[in-house]
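Chemist: This is the structure I want to talk about, given as structure tokens.
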Amino acid sequence: MLNNRYVRTIILSRVFLQLGIWIRNFAILLYVTDMTNNDPLYVSLISVAEFAPIFIFAVIGGTFADRWQPKRTMIACDLLSAVSILAVLLVLIYGSWHALFFATLVSAILSQFSQPSAMKLFKQHVPAEQLQGVMAMFQSLMAVFMVIGPIIGTFVYQRYGIEVSISVMGVMFLGSALILMLLPRDPAKSEKSETASFIEDMKDGLRYVGGNRVLRTLGTTFTVMGLASGMIQPLTLFITIENLGQDKTFLQWLLMANGAAMLVGGGMVMGLSKKLKPHAILVTGLLISSIGTIGIGLSTNTVLTVIIQVLTGFFYPAIHIGINTMILKNSEEGYVGRVGGVLMPLFMGMMVVGMSFSGLLKDALSLLTVFIASGILFLVGASLLIPLFSRSTSESKEKAELG
């Protein structure tokens, strides 16, 4: 797969982007907590600046990504991010630290245009049988930075301060843009005709998802998954303190064990990518998440909880690899951006809903009850995909008969 110029170049640019994003995330988080004495309002605003653009700009960014040339779009987004970071740095030095929220907001908005453009290039230039392996490679890269990202971000901030951290972030985005310039020029024919209006294109994307059985099923699964994930995401800290009787700092070890297992799991799926069906991978990941979530809620043994975290982490990449592969394989090239723009807000929206009510549910019921409910929702998400197995079987029989 790395012999493919597009895969190799985009992966390398994502290394730079991930370095910049993780340094940004932890430098800004630590700086804001230092400036506000751990004020939860300002800490929560960081998450709002990071996730709100997904709701507002995912469909918009996906629609424009289908209309614009992908290479040019990705380079422009990285350069604009670098310029915005320079402006934030100047304001930070001579003005107010509140501008840091702007840095997170701008880069998060621009990523909603850049990410679908990368997927569009993969759809255009990666053979169908390699798409799942490429998605596994991407997921493995994410897992690597889940392990080392917090360490790098914390080190840079504590050693050099917020100004250097923000500067490094800008350099990383600039480096990504320079690497993407190595891609071949976008062919003129890839430019979408402007005869249709933007609104018409966006409506067309919604109709396309609604008319595709696989994408409709994925949308429903996304909704259930988002709620399940959101319900337990804020409560992992309480698993550490209440169930395991550990100090809150022990949470980092649970997360690192989970991230390291994700790296191994992503590599495993990448190695077996040609032998595994994407919907089978996705169902397996959801079933393991269901069992693991309930197990973590029940466990009061530290060693057992770590083992379950490793197990769920190992299979977690299967969820994202399966989803991204199914989206790419079941979307026409001209709709890749809009499909992602329609489906992703479903997941993020329900995740935020789940996060909003998780604390209330814990107080009203119990920590164990919330984790069991989340596990059941993951199971429901897996069951929604079962009809796709019969569809895949019938298609295989038709191909065999034609052959």
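Taken together, the values in this text are just the output of simple stated rules run on the coordinates, not laboratory data. None of the values given here were measured: they were computed from a predicted structure. FYI the Cβ positions are ideal-geometry reconstructions off the backbone, even for glycines, and counts take in every protein chain you see.
Chemist: Leu89: net charge of surrounding residues, Cβ under 15 Å, Lys/Arg +1, Asp/Glu -1, itself excluded? Numbers along the way, then the final one.
Modeler: Details: positive: Arg24; negative: Glu163.
Around Leu89, the charge tally is 0.
Chemist: Report, in deg cm²/dmol and to the nearest 500, the calculated mean residue ellipticity at 222 nm for the chain, where each DSSP H run with n ≥ 4 adds -39500 (n - 2.57) and the sum is divided by the residue count. Spell out each step's value before the answer.
Modeler: Working: 13 runs with 328 residues, N = 403.
Helices in the chain give a 222 nm mean residue ellipticity of -29000 deg cm²/dmol.
Chemist: Could you derive backbone 3J(HN,Hα) for the range 212-222 from the dihedral phi with the Karplus parameters 6.51, -1.76 and 1.60 (θ = phi - 60°), listing whole Hz in sequence and x where the residue is Gly or Pro?
Modeler: Karplus-based 3J(HN,Hα) across the range 212-222 equals 10, 4, 5, 5, 4, 5, 4, x, 5, 5, 4 Hz.
Chemist: Enter the Cα centre distance for the pair the range 214-234 and the range 316-379, rounded to the nearest angstrom.
Modeler: 3
Chemist: Here's a follow-up. To the nearest 20 debye, what charge dipole does the chain have about its Cα centre, counting +1 at the Cβ of each Lys and Arg and -1 at the Cβ of each Asp and Glu?
Modeler: Numbers: 27 positive and 21 negative charges, 207 e Å.
Using only the charged Cβ atoms, the result is roughly 1000 debye.
Chemist: Placing +1 at every Lys and Arg Cβ and -1 at every Asp and Glu Cβ, with all other atoms neutral, what dipole size does the range 1-159 have around its Cα centre, in debye to the nearest 20?
Modeler: Taking the Cα centre of the range 1-159 as origin, the dipole is about 580 debye.
Chemist: What is the packing order of peptides 100-111, 158-169, taking the mean over residues of other C-beta atoms within 10 Å and listing the highest first?
Modeler: 100-111, 158-169
Chemist: Further question: Past the 23 angstrom mark, what percentage of all C-alpha to C-alpha distances in the range 52-135 do you count? Before the final figure, lay out the partial values.
Modeler: Working: 1197 of 3486 pairs.
Summing the P(r) of the range 52-135 above 23 Å gives 34 percent of all pairs.
Chemist: Explain nothing, just the number: relative contact order of the chain, from Cα pairs under 8 Å at least 6 residues apart, as a whole percent. Don't jump to the answer; show the numbers that get you there.
Modeler: Working: 613 pairs, mean separation 107.7, N = 403.
This gives 27 percent for the chain.
Chemist: Once phi is turned into θ = phi - 60°, what whole-Hz ³J(HN,Hα) does the Karplus curve with 6.51, -1.76 and 1.60 give for every residue of the range 128-134, x standing for Gly and Pro?
Modeler: Each residue's phi maps through the Karplus curve to give 4, 6, 9, 4, 5, x, 5 Hz.
Chemist: Short version: ³J(HN,Hα) in whole Hz for each residue of the range 344-358, in order, from phi by Karplus 6.51 cos²θ - 1.76 cosθ + 1.60 (θ = phi - 60°), x for Gly and Pro, what are they?
Modeler: Rounded to whole hertz, the list is 4, x, 4, 5, 5, x, 6, 5, 5, 4, x, 5, 5, 9, 4.
Chemist: On to the next question. So for the chain, if I pair up every lysine 8 or more residues apart or on another chain, how many of those pairs have alpha-carbons under 12 Å apart? Intermediate values should be presented prior to the final figure.
Modeler: On the way: Lys71/Lys120; Lys120/Lys329; Lys123/Lys329; Lys277/Lys329.
Going through the chain pair by pair, I get 4.
Chemist: Next up: Out of Gln233, Asn301, Gly219, whose Cα points farthest toward the positive end of the dipole of the chain (charges: +1 Lys, Arg; -1 Asp, Glu; placed on Cβ)?
Modeler: So the residue we want is Gly219.
Chemist: Sort the following peptides by mean Cβ neighbour count (other Cβ atoms within 10 Å, averaged over residues), highest first: 113-123, 363-373.
Modeler: Working: 113-123: 24.0, 363-373: 16.3.
The peptides rank, most packed first, as 113-123, 363-373.
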